[in-house]
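Here is the structure we will look at, set down as structure tokens.
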Amino acid sequence: MYTNLRESRCPPLLGSKRTLRPSRDGVLKRRLYVNHSLTMARIDLGNGKLMKMTKVLTDSRPIRLKGRSFLALVLTPELPFDSWLAQLDDLADRSAGFFLRRPVVLDVEGLDISRHQLVELIGELGKRSVRIIGMEGARSSLLTFDMPPAMSGGRPAPDIEGPAAEPAVEAPDVNHGNPATPVAQPESQMVKARPSIIINQPVRSGQSVIFPEGDVTIVASVASGAEIVAGGSIHVYGTLRGRAMAGSMGNAGARIFCRKLEAELLAIDGLYKTAEDIEPQFRGRAVQLWLEGEAIRAEALI
Amino acid sequence: MGKVIVVTSGKGGVGKTTSAAALGAALAQRNEKTVVVDFDVGLRNLDLVMGAERRVVYDLINVIQGDAKLPQALIRDKRLEALYLLPASQTRDKDNLTARGVEAVVGALKKSFDWVICDSPAGIERGATLAMRHADIAVIVTNPEVSSVRDSDRIIGLLDAKTVKAERGECIEKHLLLTRYDPNRAERGDMLKVDDVLEILSIPLLGIIPESMDVLRASNIGSPVTLADSRSAPAQAYLQAARRLTGESVQIAVPGEKRGLFGKIFGRRAA
């Protein structure tokens, strides 16, 4: 996905992945939303007449559709299931409630089983409070409508330690003895594994750096007419003259940092501010920007 | 093997052709065998600026298409023995420039010349990308105003992406030539300052050419400014820039500034 300093042929990314909306704060003009009315025709079942009804959408804010990825535990059952379930019981005995709050994906790839066996296995797991949110690697003929949905495209994450090894790998800031600790653990691992890229050369006019996976750090300037699109935060250790779009895949926690702010456009999580709307006192200064509700906030650094 | 220099800018009218002719003549004045190649097919000007417009028989397109041999198309300058011109075609369009043809011509020129100077057309289209394609060194001609600086920035990006050197993973040598610099207007704030331009483009400075009537006069009499009046301010600036291209270390004088700052600006590489 990441195109390092490649010439972008497509029009700027605005609106292709997410629609940008102007940031709302006191200073800014708000975008005027037009009230859409939907007119539908249907045949009334009672009298057989064609009815026209008009549904007026009172709340005109657009629905935000977001993608988000979560870490799920993947269980890979092995045949015969009896002994595998016995092992699972042994593991669960060591830590009561290990599976209680965890979303579990069942990986049945390569298993030569019938639909009946699969239904039985899901039932057995259900008895053990293992909540299955999806099936990976299952032939479509195996799955019925009442089973968890098929999942694909999972990305590998670090292995999750079983309960026996738990105290050793626990993060120091996690409360000991708290039953919620097993949940906290995968999160801390996810933070460690969050991808980021570092670019050591100036980003020139006409170039785009697109990195939906995470943070972008630029140890140079971003020229007017250049564009940085990051799934996470954007750090510019130089002058930011181009466009910076942080949290482009829907991340309201993303921030933009730069050593000198001269940007043409700033966007976080789809909310944007153009150069005109940036408060003059931040121009030319080291600034960080973040999102507070529907408004982009700025603060001078140092 | 000679070195290939592309004189480019993105924006038109900033002084690419004037600079290509002046630098070519300045290098030839040092007895280094130099050829200046006009890539501006359809809008050729270099032959006029070099005073060779009445001696054009064959051109770059003829050579690429095999209608003429390279030595037939080369025009030797009447004033300087070491200076040659390969003119562009005025009647054909840029589609006749082919990647393979340009590669063959530039490759052949490199063998027999010390310097091959490619005068790029404005824009970022075919002509401009082919002119920079085989360059070892790029001279980016910029005026001290925002649109020119932004276009130059775009061109620098292309130089780092689309040249043979860049594709091989090497870095093309880039130099900034600031032209039409008017100290009075810079003083008044009507123009970008030298430091501002350097900060934005972050490439080393090759020279600052002052805005001068001498440039226009030289171009009207069909002579590179370094030949027309080598004592004029722009000629001196071009001659010094040429010396820097050959690797000499010469201090850069900012026109209008009497002293100081020179050392600070020369060779500076802004982050």
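The values are calculated or read from the model by the stated rules, or taken from the named source; none is laboratory data. Small disclaimer: the values here were computed from a predicted structure and weren't measured. Neighbour counts are summed over all protein chains in view; Cβ atoms, including those assigned to glycine, are modelled from backbone coordinates with ideal geometry.
Just the residues that are in contact with a Leu (Cβ under 7 Å, 6 or more places away or on another chain) and within 14 Å of chain A (Cβ to nearest Cβ), please, taken from the stretch B:167-203.
Result: B:Ile172, B:Lys174, B:Leu176, B:Val197, B:Leu198, B:Leu201, B:Ile203.
A quick yes/no check of all residues on (1) surrounded by fewer than 16 Cβ atoms within 10 Å (Cβ to Cβ); (2) modelled with pLDDT of 65 or more:
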| site | (1), (2) |
| --- | --- |
| A:Asp44 | yes, no |
| A:Gly48 | yes, no |
| A:Arg64 | yes, no |
| A:Leu71 | no, yes |
| A:Leu85 | no, yes |
| A:Asp89 | yes, yes |
| A:Phe99 | no, yes |
| A:Leu106 | no, yes |
| A:Val119 | yes, yes |
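Identify all residues within the stretch B:33-44 that are buried (at least 22 other Cβ atoms within 10 Å of the Cβ) and closer than 14 Å to B:Lys3 by Cβ; write none if there are none.
From the stretch B:33-44, those buried (at least 22 other Cβ atoms within 10 Å of the Cβ) are B:34-41, B:44; that's our starting set.
Of everything in the stretch B:33-44, those that are buried (at least 22 other Cβ atoms within 10 Å of the Cβ) and closer than 14 Å to B:Lys3 by Cβ turn out to be B:Thr34, B:Val35, B:Val36, B:Val37.
Pick from the stretch A:195-207 the residues that are at pLDDT 90 or above and surrounded by fewer than 22 Cβ atoms within 10 Å (Cβ to Cβ): which of them is farthest from the other protein chains (Cβ to nearest Cβ)?
Residue satisfying both the conditions and the ranking: A:Ser196.
Is one or more of the residues making up the stretch B:31-39 assigned to a helix (DSSP H, G or I) and either closer than 17 Å to B:Ile75 by Cα or not polar (S, T, N, Q) (or both)? Give the steps one after another, and end with the answer.
Residues of the stretch B:31-39 assigned to a helix (DSSP H, G or I): none.
No, the stretch B:31-39 contains no residue that is assigned to a helix (DSSP H, G or I) and either closer than 17 Å to B:Ile75 by Cα or not polar (S, T, N, Q) (or both).
Determine which member of the set B:Arg55, B:Arg30 is touching a helix residue (DSSP H, G or I) at 6+ places or on another chain (Cβ under 9 Å), touching a residue at least 60 places away in the same chain (Cβ under 8 Å), surrounded by fewer than 24 Cβ atoms within 10 Å (Cβ to Cβ) and not β-branched (Val, Ile, Thr).
Working: B:Arg55 fails: touching a residue at least 60 places away in the same chain (Cβ under 8 Å).
Testing whether each residue is touching a helix residue (DSSP H, G or I) at 6+ places or on another chain (Cβ under 9 Å), touching a residue at least 60 places away in the same chain (Cβ under 8 Å), surrounded by fewer than 24 Cβ atoms within 10 Å (Cβ to Cβ) and not β-branched (Val, Ile, Thr) leaves just B:Arg30.
Would you point out the residue of the stretch B:1-30, among those that are assigned to a helix (DSSP H, G or I) and of a type outside the set (Gly, Ala, Ser), that is nearest to B:Arg243 (Cα to Cα)?
Within the stretch B:1-30, the subset assigned to a helix (DSSP H, G or I) is B:16-29.
Remaining after also requiring of a type outside the set (Gly, Ala, Ser): B:16-18, B:23, B:27, B:29.
On the way: B:Lys16: 18, B:Thr17: 19, B:Thr18: 17, B:Leu23: 10, B:Leu27: 8, B:Gln29: 11 Å.
In this case the residue turns out to be B:Leu27.
I'd like to know if the stretch A:262-280 contains one or more residues that are among the charged types (D, E, K, R) and within 14 Å of chain B (Cβ to nearest Cβ).
So the first thing to find is which residues in the stretch A:262-280 are among the charged types (D, E, K, R), and the list is A:262, A:264, A:269, A:273, A:276-277, A:279.
Now restrict to residues that are within 14 Å of chain B (Cβ to nearest Cβ): A:262, A:264.
Yes, some residue in the stretch A:262-280 is among the charged types (D, E, K, R) and within 14 Å of chain B (Cβ to nearest Cβ).
Just one of B:Leu60, B:Leu97, B:Leu23 is buried (at least 20 other Cβ atoms within 10 Å of the Cβ) and touching a strand residue (DSSP E or B) at 6+ places or on another chain (Cβ under 6 Å); which is it? Give the derivation first.
On the way: B:Leu97 fails: touching a strand residue (DSSP E or B) at 6+ places or on another chain (Cβ under 6 Å); B:Leu23 fails: touching a strand residue (DSSP E or B) at 6+ places or on another chain (Cβ under 6 Å).
On inspection, the qualifying residue turns out to be B:Leu60.
Assess whether A:Val236 counts as being surrounded by 24 or more Cβ atoms within 10 Å (Cβ to Cβ), farther than 16 Å from A:Arg297 by Cα and more than 14 Å from every other protein chain (Cβ to nearest Cβ). Quick ask: steps written out before the conclusion?
Working: surrounded by 24 or more Cβ atoms within 10 Å (Cβ to Cβ): yes; farther than 16 Å from A:Arg297 by Cα: yes; more than 14 Å from every other protein chain (Cβ to nearest Cβ): no.
No: the conditions fail for A:Val236.
I'd like to verify a number: residues in the stretch B:82-102 that are modelled with pLDDT of 95 or more and acidic (Asp, Glu), how many?
Residues flagged as modelled with pLDDT of 95 or more and acidic (Asp, Glu) within the stretch B:82-102 amount to 0.
Anything in the stretch B:200-215 that is of a type in the set (A, V, I, L, M), buried (at least 18 other Cβ atoms within 10 Å of the Cβ) and not in a strand (DSSP E or B)? List them, or say none. First the steps, then the outcome.
Going residue by residue through the stretch B:200-215, those that are of a type in the set (A, V, I, L, M) are B:200-201, B:203, B:205-206, B:208-209, B:213, B:215.
If we keep only those that are buried (at least 18 other Cβ atoms within 10 Å of the Cβ) as well, we get B:200-201, B:203, B:205-206, B:208-209, B:215.
Hits for the stretch B:200-215 are B:Ile200, B:Leu201, B:Ile203, B:Val215.
Residue-by-condition table, conditions (1) farther than 24 Å from B:Gly157 by Cα; (2) in a loop (DSSP other than H, G, I, E, B); (3) modelled with pLDDT of 95 or more; (4) within 14 Å of chain B (Cβ to nearest Cβ):
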| residue | (1), (2), (3), (4) |
| --- | --- |
| A:Asn175 | yes, yes, no, no |
| A:Asn178 | yes, yes, no, no |
| A:Met190 | yes, no, no, no |
| A:Val209 | no, no, no, yes |
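Only residues in the stretch B:145-165 that are more than 10 Å from chain A (Cβ to nearest Cβ) count as the first member; pair them with residues that are part of a helix (DSSP H, G or I), Cβ under 8 angstrom, at least 6 apart or cross-chain, and list the lot.
If the second residue must be part of a helix (DSSP H, G or I), the pairs left are B:Thr163/B:Met132; B:Thr163/B:Arg133; B:Val164/B:Arg133.
Just one of A:Arg285, A:Arg297 is surrounded by fewer than 17 Cβ atoms within 10 Å (Cβ to Cβ) and without any contact (Cβ under 8 Å) to a residue 60 or more places away in the chain; which is it?
Values: A:Arg297 fails: without any contact (Cβ under 8 Å) to a residue 60 or more places away in the chain.
Every option except A:Arg285 fails the conditions.
Anything in the stretch B:181-193 that is in contact (Cβ under 8 Å) with a residue 60 or more places away in the chain, surrounded by fewer than 23 Cβ atoms within 10 Å (Cβ to Cβ) and touching a helix residue (DSSP H, G or I) at 6+ places or on another chain (Cβ under 8 Å)? List them, or say none.
Correct list: B:Ala186 only.
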